[in-house]
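Written out below as structure tokens is the structure these notes cover.
What follows is calculated from the coordinates using simple rules that are stated; it is not laboratory data. None of these values were measured; they are calculated from a predicted model. Glycine also receives a Cβ, built like all others from the backbone with ideal geometry; neighbour counts cover every protein chain displayed.
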Amino acid sequence: MKAKKDQITGAALVLVGLVSACLISQFETPFTAAYPGPKLLPGIAVFGLIVCGAGTFVNGCRQKEESKALMSKAGMIRIAVSFAVLCGYVLAMKYVGFVIASMVVLYVLTTYFSKASNLPTKPWARVLFSVAVSLIVYGMYVPLFGMTLPGGLLFD
């Protein structure tokens with residue numbers, strides 16, 4: 001029996017969810033009703049990954065017809081480029097901080113995906129989007145929630 005794309009996708013989602021659950025369980029902050037800590041939001045996402053992955057896998061098992069190829073070569077390249085950019089984002093935050101790294105990465109990703117999908121977007125619109133999203137996220141986390149985001153080694 002050949003695995004269908006829904007089965008592969010579902011199994012991958014469950015696997016990513018289980019690995020993420022193991023990583024979240026290493027957080028040392030206690031989970032209380034007064035302060036749920038850093039485990040809450042990733043925990044909800046992990047639960048969603050596992051449930052959706054299991055559902056996708058079961059749905060793939062119930063399908064009778066053969067499915068098409070999982071993804072084209074261009075799609076795999078887009079995933080690889082996105083993953084590389086996000087790895088660079090994590091490293092960049094260490095040196096230039098959250099705000100600058102987020103602005104640059106959002107601009108790079110929106111430019112890359114707009115060209116891949118042939119959507120005519122103006123550079124100023126991508127800059128405005130990148131700046132706005134970065135500042136909104138910063139504004140929510142730092143003043144509103146009282147949390148800290150990486151400031152960067154260059155600005156310490």
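Once the Cβ-Cβ distance of Met76 and Ser20 is raised to the sixth power relative to R0 = 30 Å, the FRET efficiency obtained is 0.85. When exposed loop sites are taken as trypsin sites (Lys or Arg not before Pro) in a DSSP loop with at most 16 other Cβ atoms within 10 Å, the longest stretch of the chain clear of them is 69-156. With the largest listed first and rounded to whole Å, the semi-axes of the equivalent ellipsoid of the stretch 56-128 from the Cα gyration tensor are 33, 17, 10. For the chain, adding -39500 (n - 2.57) for each run of n ≥ 4 DSSP H residues and dividing by the number of residues yields -23500 deg cm²/dmol at 222 nm.
Gyration tensor over the Cα atoms of the chain: the corresponding equivalent ellipsoid has semi-axes (square roots of 5 times the eigenvalues, largest first) of 32, 26, 13 Å. Counting only alpha carbon atoms, the long axis of helix 73-116 and the longest principal axis of the chain meet at about 30°. Beyond 25 Å between alpha-carbons counts as too far, so tell me which of Lys5/Lys73; Lys94/Lys115; Lys64/Lys115 fall in that bin. Listed pairs above 25 Å: Lys94/Lys115; Lys64/Lys115.
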